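The values are calculated or read from the model by the stated rules, or taken from the named source; none is laboratory data. Note that this is a predicted model, so its numbers are computed, not measured. Heads up, the Cβs are rebuilt from the backbone with ideal geometry, glycines too, and the neighbour counts pull from every protein chain shown. Heavy atoms of the whole protein, side chains included, go into the accessibility calculation; ligands, DNA and RNA do not. Shrake-Rupley method; radii C 1.70, N 1.55, O 1.52, S 1.80 Å.
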Amino acid sequence: MSLASFIAERQVTLGAFGLFAVGLGLVSVVTSAPGDATGADAEVPLPVEVLTVTRVDGYAVRRELVGRIEARRESPVGFELGGLVTSIAVDEGDTVDAGQVLARLDTRRLRARRGELVAARDQAQADLELATLTLQRIREASDLDAVSPQARDEAELGLRVREATVARAVSALDSLDVELDKSRLLAPFAGIVGHRFADEGRVIAAGEPVLQLLETQRPEARIGIAGPAVDTLGVGQRHALSVRGRSVDATLRALLPTRDQGTRSVDAVFVLDGELDGLRSGDLARLSVDTRIDEGGFWLPFASLTEGNRGLWAAYVAAESDPDGSDPDSSDPIGGEGISVLERRPLELLYQETDRAFVRGALVNGERVVASGLHRLVPGQRVRPVLSDGPSAPDGGAP
């Protein structure tokens, strides 16, 4: 290699190093420029919405209990006597009045028997009349000493026998009339026919159900109450039940003295106001019961909670920063609460509703909790609190 070529190559190399050094200098100057926007934005505290928490001594747990509507009286009705069903005057779904004839049995045999008993009664009454006249004549003759005392005694006792025979015949006739009356099936109360078990032409046994009758007036709801909710109810209290999407007023009539062995619940019987009016026996009835839980804590919206460790939850508290860290520009339109530092507080969730939760943990009454937007926050971050319009409920959490 010639000397001239060597010198030319060194000059190119030195020139390249010089250009590289100049570039590094420009980068350093640009990076350290005092008007950098990114660095300025990093120093601006983030405005966050906060709410002031209020400690309460307990909360109310709302439970929805389910029961069913039932007729106050629901009876399978049938004849006291067995026999052939000749007619059924009603069908399923028909409304009946108290005392209305529902069905009839074949009474031909009973009516024939009644004719016999009527004849026997008439014969006994005729014998009684004859015995009465006989005794009257014997007494007249006895006064004249025309008959013996034995004949007079026989006449008197014969009259008593005839009187007993008439009484027996009348009683037998009355008994048969009762059987004839019971051959008609009468409605024991006003209601509606729920089911029909028999038709005409069937021979039924005594007591066999023919129809099922449901009372329509003053229906009831039977709801099983379990746990401490039983102690919150009292006989005579009025409640609003939910039946088929509508509210129905009801009065607690009774709390039964026994518990169901399977569910350990106590049946509460509610009397609904008015008639069924579109409701059906067996419809579900729902009762909302509030149970007071004496446990101190705070109500927080769900948006202010984030998942923590080991099954706990957490919230961010806007703690006051020291005087040296406060924002010197108090007229900043972003807020007017000063600068705060975020602290993460672990919490235990005790109860939750639709949009809020009752928690306990490392919170102090009156502290400011970040209400929302936790995904953009980290512990130790400087923020500017903006007071929310929805502070935590101070009413103890009654739904």
Problem set entry | Matching entry among Ala226, Ala240, Ala268 (being among the aliphatic types (A, V, I, L, M) and surrounded by fewer than 14 Cβ atoms within 10 Å (Cβ to Cβ)) | Ala240
Exercise. Is it fair to say Arg310 is part of a loop (DSSP other than H, G, I, E, B), open to solvent by 50 Å² or more (accessible area, probe 1.4 Å) and charged (D, E, K, R)?
Worked result: yes
Exercise. Do we have Ala169 as modelled with pLDDT of 90 or more, touching a helix residue (DSSP H, G or I) at 6+ places or on another chain (Cβ under 8 Å) and open to solvent by less than 50 Å² (accessible area, probe 1.4 Å) here?
Worked result: yes
For this session: Kindly list, by first and then second residue, each pair from a residue in the stretch 242-263 that is farther than 21 Å from Gly227 by Cβ and among the hydroxyl-bearing types (Ser, Thr, Tyr) to a residue that is modelled with pLDDT of 85 or more and part of a strand (DSSP E or B), limited to pairs with Cβ atoms under 8 Å and residues at least 6 apart or on different chains.
Result: Ser247/Ala240; Ser247/Leu241; Thr251/Arg238; Thr251/His239; Thr251/Phe270; Thr251/Val271
Exercise. For the stretch 190-223, how many residues meet the condition of being surrounded by fewer than 17 Cβ atoms within 10 Å (Cβ to Cβ) and within 29 Å of Ala250 (Cα to Cα)?
Worked result: 5
Exercise. When only residues in the stretch 339-355 that are assigned to a strand (DSSP E or B) and more than 22 Å from Arg376 (Cβ to Cβ) count, which is most open to solvent (accessible area, probe 1.4 Å)?
Worked result: Gln352
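Inside the stretch 207-248, can you point out the residues that are over 21 Å from Arg264 (Cα atoms) and aliphatic (A, V, I, L, M)?
Selection gives Val210, Leu211, Leu213, Leu214, Ala240, Leu241, Val243, Val248.
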For this session: Would you please list the contacts, defined by Cβ atoms under 6 Å and residues six or more apart or on different chains, that run from a residue in the stretch 211-232 that is among the β-branched types (Val, Ile, Thr) to a residue that is surrounded by fewer than 15 Cβ atoms within 10 Å (Cβ to Cβ) and not in a loop (DSSP other than H, G, I, E, B)?
Result: Thr216/Glu275
Exercise. Regarding Val359, is this residue touching a Gly at 6+ places or on another chain (Cβ under 6 Å) and either modelled with pLDDT of 90 or more or outside any helix (DSSP H, G or I) (or both)?
Worked result: yes
Exercise. Mind checking which residues of the stretch 123-153 are outside any helix (DSSP H, G or I) and either in contact with a helix residue (DSSP H, G or I) (Cβ under 8 Å, 6 or more places away or on another chain) or charged (D, E, K, R) (or both)?
Worked result: Asp145, Val147
Exercise. Quick one: in the stretch 81-114, which of the residues that are of a type in the set (Lys, Arg) and more than 15 Å from Ala198 (Cα to Cα) is surrounded by the fewest Cβ atoms within 10 Å (Cβ to Cβ)?
Worked result: Arg108
For this session: Being without any contact (Cβ under 8 Å) to a residue 12 or more places away in the chain and within 55 Å of the chain's Cα centre (by Cα) is the filter here, so list the residues in the stretch 97-119 that pass it.
Result: Arg108, Arg109
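Wholly within the stretch 154-246, which strands (runs of 3 or more DSSP E) include no fewer than the required count, namely at least 2 residues that are within 36 Å of the chain's Cα centre (by Cα)?
Of the strands (runs of 3 or more DSSP E) lying wholly inside the stretch 154-246, those with at least 2 residues that are within 36 Å of the chain's Cα centre (by Cα) span 191-196, 209-215, 220-225, 238-243.
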For this session: Just need a number here: residues in the stretch 187-226 that are among the charged types (D, E, K, R) and modelled with pLDDT under 90.
Result: 3
Exercise. So which residues in the stretch 66-80 are closer than 17 Å to Glu200 by Cβ and either part of a strand (DSSP E or B) or open to solvent by 20 Å² or more (accessible area, probe 1.4 Å) (or both), if there are any at all?
Worked result: Val77, Gly78
Exercise. How many of the residues in the stretch 115-132 are open to solvent by 80 Å² or more (accessible area, probe 1.4 Å) and closer than 16 Å to Leu157 by Cα?
Worked result: 2
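Looking at the stretch 353-375, which of the residues that are within 24 Å of Thr291 (Cα to Cα) and touching a residue at least 40 places away in the same chain (Cβ under 8 Å) is farthest from the chain's Cα centre (by Cα)?
Gly361
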